[in-house]
Amino acid sequence: FCSTNLYTAICAMRSSVMILLAGVVSLFVALLWIFIWAIALMGILNMNNSTDCAIWDECDTHIVIRNGRAMELAVLLISIYWTTMVIKNIIRVSVAGAIGSWWMNSESNISD
């Protein structure tokens, strides 16, 4: 049973090579978004960063999050979750469409 399912999935994936390309592109888009998101997070956290330096090399950093900044952090968390779910679901729908069109295509089922 497992080998039949695996064979069917491999045949379906071979019929549309662009699925793999779409998956790789979405991975790089997600990594780019996480990089941009991390920079935005560092910017929000460093906005209210107060540093007490006794000597130039020895500093104690205190991160203060006020009410307005907590809302910005909440928006950032929602944005990272929302964006990653959108990217994931775009790939999920693309794969489902490609596999569905392969499955419903009677010529490929007869030739295999």
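The values are calculated or read from the model by the stated rules, or taken from the named source; none is laboratory data. Fair warning: this is a prediction, and the values are worked out from it, not measured in the lab. Backbone-built Cβ (ideal geometry, glycine too); neighbour counts: all protein chains shown. Accessible surface is based on the protein model in full, side chains and every heavy atom, while ligands, DNA and RNA are left aside. Shrake-Rupley method; radii C 1.70, N 1.55, O 1.52, S 1.80 Å.
Descriptive notes on the structure:
- At the residue level, Val93 shows approximately 100 square angstrom of accessible surface with a 1.4 angstrom probe and all protein chains present.
- In this view, the solvent-accessible surface of Trp33, computed with a 1.4 Å probe and all protein chains in place, comes to about 80 Å².
- Each residue was assigned an accessible area with a 1.4 Å probe, and for Arg92 the value is about 140 Å².
- Nearest-0.05 FRET efficiency for Phe1 and Lys88, computed from C-beta distance (R0 30 Å): 0.60
- When Leu41, Leu31 are compared by accessible area of protein heavy atoms, the largest-first order is Leu31, Leu41, using a 1.4 Å probe.
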